[in-house]
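Here the structure comes first, spelled out in structure tokens, and everything after it is commentary.
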Amino acid sequence: MMDFAVRKDYAQYMINTLSDISCAALTRMLESHGEGIDIVYMADDYCSQDAPMFSPEDFKELIFPYLRKLVAITHKHNKKFLLHVCGAVRPLLPMIIEAGVDMLEPVQIRAAGMEPAGLKRDFGKDICFYGGIDIQQILNNGTPKQVSDEVKRLIGIMDGNGGYILGPGHTYIQPDTSIENIISMYDTACNYRVR
């Protein structure tokens, strides 16, 4: 992170080197085992709960070209690209969409700018959202009914015209989450339909 600010040329060199290695590995994987793969998943956190960890300008210069290359390889093999970025990713979403990313995981609704209705309104036609069930207060500390109500609320907001996969607001459900709440989330998701 310091190199982004004080040694940008070195950061660029490192990112380009990793990009070349990642692109070659992804190409080999899809050419060798592509029939068994539907989605390429990349976890590459850029954000904290409050904001991106670097400026959108730095993202555009340093990260965007790398991300666009990986997405292009994925799409060349007729696969979808799922990007994991926690936190307040909203300022970077236009560039993530421009890079061709198909799905964003997770939707961390307590992070700055990640209100579900605004995300769906502003970006829902361009990207599929995956996640949203809050793991900071609802899923781990709520009752099964509160979890069920939150699932219904999010489906009502995010599922219009598709483009939403319900899941926890982070890849991993935390160990302090009760089995009852996990079951409530999935049972409600399986059985609830917006009228």
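For CYS128, state whether it is in contact with a Cys (Cβ under 9 Å, 6 or more places away or on another chain) and surrounded by fewer than 22 Cβ atoms within 10 Å (Cβ to Cβ).
For CYS128, the condition - in contact with a Cys (Cβ under 9 Å, 6 or more places away or on another chain) and surrounded by fewer than 22 Cβ atoms within 10 Å (Cβ to Cβ) - is not met.
Identify, from the list LYS69, LYS80, the residue that is more than 21 Å from LEU154 (Cβ to Cβ), of a type in the set (Lys, Arg) and in contact with an Asp or Glu (Cβ under 7 Å, 6 or more places away or on another chain).
Selected residue: LYS80, the only one of LYS69, LYS80 that is more than 21 Å from LEU154 (Cβ to Cβ), of a type in the set (Lys, Arg) and in contact with an Asp or Glu (Cβ under 7 Å, 6 or more places away or on another chain).
Scan segment 154-195 residue by residue and report those that are charged (D, E, K, R), modelled with pLDDT under 95 and exposed (fewer than 14 other Cβ atoms within 10 Å of the Cβ).
ASP176, ARG193, ARG195, listed by residue number.
When only residues in segment 139-153 that are touching a residue at least 40 places away in the same chain (Cβ under 8 Å) and farther than 12 Å from ALA189 by Cβ count, which is surrounded by the fewest Cβ atoms within 10 Å (Cβ to Cβ)?
The qualifying residue surrounded by the fewest Cβ atoms within 10 Å (Cβ to Cβ) is PRO144.
List the residue pairs whose Cβ atoms are under 9 Å apart, where the first residue sits in segment 98-122 and is in contact (Cβ under 8 Å) with a residue 12 or more places away in the chain and within 14 Å of GLU150 (Cβ to Cβ), the second is of a type in the set (D, E, K, R) and surrounded by fewer than 17 Cβ atoms within 10 Å (Cβ to Cβ), and the two are 6 or more positions apart or on different chains.
Once the first residue is in contact (Cβ under 8 Å) with a residue 12 or more places away in the chain and within 14 Å of GLU150 (Cβ to Cβ) and sits in segment 98-122, its partners that are of a type in the set (D, E, K, R) and surrounded by fewer than 17 Cβ atoms within 10 Å (Cβ to Cβ) give ILE109/GLU115; PRO116/ARG153.
Tell me which residues, restricted to segment 56-96, are among the β-branched types (Val, Ile, Thr) and either closer than 26 Å to GLN136 by Cβ or touching a residue at least 40 places away in the same chain (Cβ under 8 Å) (or both).
Once the filter is applied, which keeps residues that are among the β-branched types (Val, Ile, Thr) and either closer than 26 Å to GLN136 by Cβ or touching a residue at least 40 places away in the same chain (Cβ under 8 Å) (or both), segment 56-96 yields ILE63, ILE73, THR74, VAL85, VAL89, ILE96.
Of the residues LEU119, LEU166, which single one is within 25 Å of ASN78 (Cα to Cα) and within 13 Å of the chain's Cα centre (by Cα)?
One residue alone meets the criteria, LEU166.
Checking the condition more than 30 Å from ILE138 (Cα to Cα), modelled with pLDDT under 95 and out of contact with any His (no Cβ under 6 Å at 6 or more places or on another chain), which residue from ASP3, ASP45 passes?
That would be ASP3, the only listed residue that is more than 30 Å from ILE138 (Cα to Cα), modelled with pLDDT under 95 and out of contact with any His (no Cβ under 6 Å at 6 or more places or on another chain).
Considering only residues that are in contact with a Ser or Thr (Cβ under 9 Å, 6 or more places away or on another chain) and free of Cβ contacts under 8 Å to residues at least 60 places away in the same chain, look in segment 20-55 and name the one that is farthest from HIS170 (Cα to Cα).
Ranking the candidates gives LEU30 first.
The values are calculated or read from the model by the stated rules, or taken from the named source; none is laboratory data. Predicted model only: the values in this text are computed from it and were never measured. When we count neighbours, we look across all protein chains shown, and the Cβ atoms used for this are built from the backbone with ideal geometry, even at glycine.
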